[in-house]
Amino acid sequence: MASMLLLTFLISSLIMVTVGLAIDSMEILRLGIDGQLSVDPSDVETTSLDFGLLTRGQPLAVLHPVSAQDIARVVKAAYGSNQGMTVSARGHGHSINGQAQTTNGVVIQMSGWKGGNKPPRPRVWAEERYVDVWGGELWIDVLKSTLEYGLAPKSWTDYLYLSVGGTLSCAGISGQAFNHGPRISNVYELDVVTGKGEVMTCSEDENTELLDAVLGGLGQFGIITRARISLEPAPKMVRWIRVLCSNFSAFTRDQEHLISLYAEPSNQKFDYVEGFVIVDEGLISNWRSSLFSPQNPVKISTVFPTGGVLYCLEIAKNYHESTAQTIDQEVEFLLKKLNFISTSVFTTDLLYVDFLDRVHKAELKLRSKGLWEVPHPWLNLFIPSSKIAEFDNGVFKGILGNKTSGPILIYPMNTNKWDNRSSVVTPDEGVFYLVALLRSAFDNGEETQSLEYLNNQNRQILRYCDEAGIKVKRYLPHYTTQQEWMNHFGNKWDRFYEMKMEFDPRHILASGQRIFTPTFPSSSNMPS
């Protein structure tokens, strides 16, 4: 009770600080907390922004926790406050539309710790093949820890500088998802701080409803403080291959064939299947990675089709020293069944860790040129496979024109690898595609690269899908009204709402998602 009273006083003090009233000592900000609770302007400024740079929050304070108990104390104080306090967890700040921001509340900065105390390091259970990790741990650090034991998580995202908790709150997908499912399909157990400030462990055997709700739950039911992640023996090397296709039907047919092999022995399938779209002829000369040089350069005039769209199939096969002798034959066998431009085969071998971390190398280059910290009006869509050709005609060959300012990913996933009990919603078909328009906005005078132009184009794409009857589901969704959220979740909405009322009845968590409006005793608004 004493800690609760102190924290309630703390929250009130933070409110006073924001309106210009002074407090005698910053030490009061540490009462009852082992980490650091900060109102430093630089901390507040950092957490008011995210990777998208499309919106700005107004947090009162930032908590750098070192334990679940730190988080629980602050959440419990907010839950008991009449002042309308909210709490949002922030990992690496890679959200796009302010999902991890808050106004009139506290941001829990899960990644990037301050002070002498730190959260627990990853603990690898080699014999059991799993790892326990802090919710704010970055996946790159999880990988480094597990590789010391010759192990690695099974499913990844293309970018490893994301937090564990943030990723699991969305889903976490990459080219391994067809085989192992998204990241949320490879979780054994979670520790979660609910919106009531309760620390709960959930698994298949304990608090299962909370586990299902939190995985892909967009932070609405609790803050993930620990995750137990499944591991497998880590390969040493990767054979990385890219080929070009000019025919969309052949491209998608090949992709869907490759993901249909998920149940085959490892020597009869690829371990990674992705793809991307090239709508800008100017990009064809640099579609290859800078990690290696092509032996047979592709002549642009011979491969770029009328209409200006090419499709790149990106595939990879893991191997160990023990299988290095057979990798050539295995790859050759798989490639023989595909249809692509024969002169466009582009291949290299690299370390497994370098393959997984390849996007970070591109990030460093963009940062060096001042092209990283710019607005990112990304649009990520799940498209039913039955409608992907229609989407190609209307969007890739229509709306996008022949200019782009970032990668456009497209690759299929097997629905049976996604656990329907989670909060994530996907199209109601056996196979669906992720289409990710990962574009950046630049203030360089080119209209097609301006933020206004790209935002309008995103709206045009969504409007086209609606008018064409393409029932898309957004990945990393962003809506501004609850009716839109209800439409998004469809038949999962009632359960989603029920779980919200049970685990965060005052709607104080992840208010930046704009799904629910915070409610407090002093408010005349009822939960909506």
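The values are calculated or read from the model by the stated rules, or taken from the named source; none is laboratory data. Everything numeric in this text was worked out from a predicted model, so none of it was measured. Cβ coordinates were reconstructed from backbone atoms using ideal geometry, including for glycine residues, and neighbour counts include every protein chain displayed. Heavy atoms of the whole protein, side chains included, go into the accessibility calculation; ligands, DNA and RNA do not. Shrake-Rupley method; radii C 1.70, N 1.55, O 1.52, S 1.80 Å.
Would you mind listing the strands (runs of 3 or more DSSP E) fully within the range 112-159 where at least 1 residues are among the polar types (S, T, N, Q), in contact with a Ser or Thr (Cβ under 7 Å, 6 or more places away or on another chain) and open to solvent by 30 Å² or more (accessible area, probe 1.4 Å)? I'd like the intermediate steps shown before the answer.
Details: elements: 123-125, 130-134, 151-153.
Passing ranges: none, list empty.
Filtering the range 445-461 for residues that are open to solvent by 20 Å² or more (accessible area, probe 1.4 Å), closer than 28 Å to Gln176 by Cβ and not small (Gly, Ala, Ser) leaves an empty set.
Residue count for the range 400-441, restricted to those that are closer than 19 Å to Gly308 by Cα and free of Cβ contacts under 8 Å to residues at least 40 places away in the same chain: 1.
Within the range 329-349, work out how many residues are open to solvent by 90 Å² or more (accessible area, probe 1.4 Å) and charged (D, E, K, R).
The initial filter retains those residues of the range 329-349 that are open to solvent by 90 Å² or more (accessible area, probe 1.4 Å), namely 329, 332-333, 336-337, 342.
Imposing the further condition that a residue be charged (D, E, K, R) reduces the set to 332, 336-337.
Within the range 329-349, residues that are open to solvent by 90 Å² or more (accessible area, probe 1.4 Å) and charged (D, E, K, R) number 3.
Using the structure shown, decide if Gly32 is part of a loop (DSSP other than H, G, I, E, B), in contact with a helix residue (DSSP H, G or I) (Cβ under 6 Å, 6 or more places away or on another chain), more than 26 Å from Arg474 (Cα to Cα) and open to solvent by 10 Å² or more (accessible area, probe 1.4 Å). Against the criterion (part of a loop (DSSP other than H, G, I, E, B), in contact with a helix residue (DSSP H, G or I) (Cβ under 6 Å, 6 or more places away or on another chain), more than 26 Å from Arg474 (Cα to Cα) and open to solvent by 10 Å² or more (accessible area, probe 1.4 Å)), Gly32 qualifies.
For every residue, the table says whether it meets (1) under 30 Å from Asp392 (Cβ atoms); (2) modelled with pLDDT under 95; (3) open to solvent by 10 Å² or more (accessible area, probe 1.4 Å); (4) assigned to a strand (DSSP E or B).
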position	(1), (2), (3), (4)
Tyr188	no, no, yes, yes
Asp212	no, no, yes, no
Ala227	no, no, no, yes
Leu231	no, no, no, yes
Arg239	yes, no, yes, yes
Arg253	yes, no, yes, no
Glu256	yes, no, yes, no
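Quick check on Gly219: is it in a loop (DSSP other than H, G, I, E, B), open to solvent by 10 Å² or more (accessible area, probe 1.4 Å), closer than 25 Å to Phe382 by Cα and in contact with a strand residue (DSSP E or B) (Cβ under 8 Å, 6 or more places away or on another chain)?
Numbers: in a loop (DSSP other than H, G, I, E, B): yes; open to solvent by 10 Å² or more (accessible area, probe 1.4 Å): yes; closer than 25 Å to Phe382 by Cα: yes; in contact with a strand residue (DSSP E or B) (Cβ under 8 Å, 6 or more places away or on another chain): yes.
Here the answer is yes, as Gly219 does meet what is asked.
Inside the range 440-479, can you point out the residues that are among the charged types (D, E, K, R) and at pLDDT below 95? Residues satisfying the conditions are Asp443, Glu446, Glu447. Checking Tyr130, Tyr159, Tyr149 one by one, the residue that is under 20 Å from Leu53 (Cα atoms) and hydroxyl-bearing (Ser, Thr, Tyr) is Tyr159 and no other. The one condition from (1) under 26 Å from Arg439 (Cβ atoms); (2) touching a residue at least 24 places away in the same chain (Cβ under 8 Å); (3) open to solvent by less than 70 Å² (accessible area, probe 1.4 Å); (4) in a helix (DSSP H, G or I) that Leu366 does not meet is (2).
Scan the range 350-359 and tell me whether some residue there is under 22 Å from Val277 (Cβ atoms), in contact with a Cys (Cβ under 7 Å, 6 or more places away or on another chain) and not charged (D, E, K, R). Spell out the reasoning first.
Let us first name the residues in the range 350-359 that are under 22 Å from Val277 (Cβ atoms), namely 355, 358-359.
If we keep only those that are in contact with a Cys (Cβ under 7 Å, 6 or more places away or on another chain) too, we end up with none.
No, the range 350-359 has no match at all.
Kindly provide the set of residues from the range 503-514 that are in contact with a Pro (Cβ under 9 Å, 6 or more places away or on another chain) and part of a helix (DSSP H, G or I), ordered by number. Residues satisfying the conditions are Ser511, Gln513. Close contacts from the range 448-459, counting a first residue that is of a type in the set (Ser, Thr, Tyr) and a second that is open to solvent by 50 Å² or more (accessible area, probe 1.4 Å), with Cβ to Cβ under 6 Å and a gap of 6+ residues or different chains, come to Thr448/Lys403; Tyr453/Glu447. For first residues located in the range 191-216 and under 19 Å from Tyr497 (Cβ atoms), partners that are of a type in the set (Phe, Trp, Tyr) and open to solvent by 30 Å² or more (accessible area, probe 1.4 Å) and lie 6+ apart or on another chain with Cβ distances below 6 Å form the pairs Lys196/Tyr79. Against the numbered list (1) in a loop (DSSP other than H, G, I, E, B); (2) open to solvent by less than 10 Å² (accessible area, probe 1.4 Å); (3) farther than 29 Å from Leu258 by Cβ, Val192 comes up short only at (1). Per the conditions (1) modelled with pLDDT of 95 or more; (2) in a strand (DSSP E or B); (3) touching an Asp or Glu at 6+ places or on another chain (Cβ under 9 Å), the sole criterion not satisfied by Phe276 is (1).
Do you know which residues across the range 170-186 are under 30 Å from Met85 (Cβ atoms) and either in a helix (DSSP H, G or I) or open to solvent by less than 20 Å² (accessible area, probe 1.4 Å) (or both)? Reasoning before the result, please.
Of the residues in the range 170-186, the ones under 30 Å from Met85 (Cβ atoms) are 170-172, 184.
Within the range 170-186, Ala171, Gly172, Ile184 meet the criteria.
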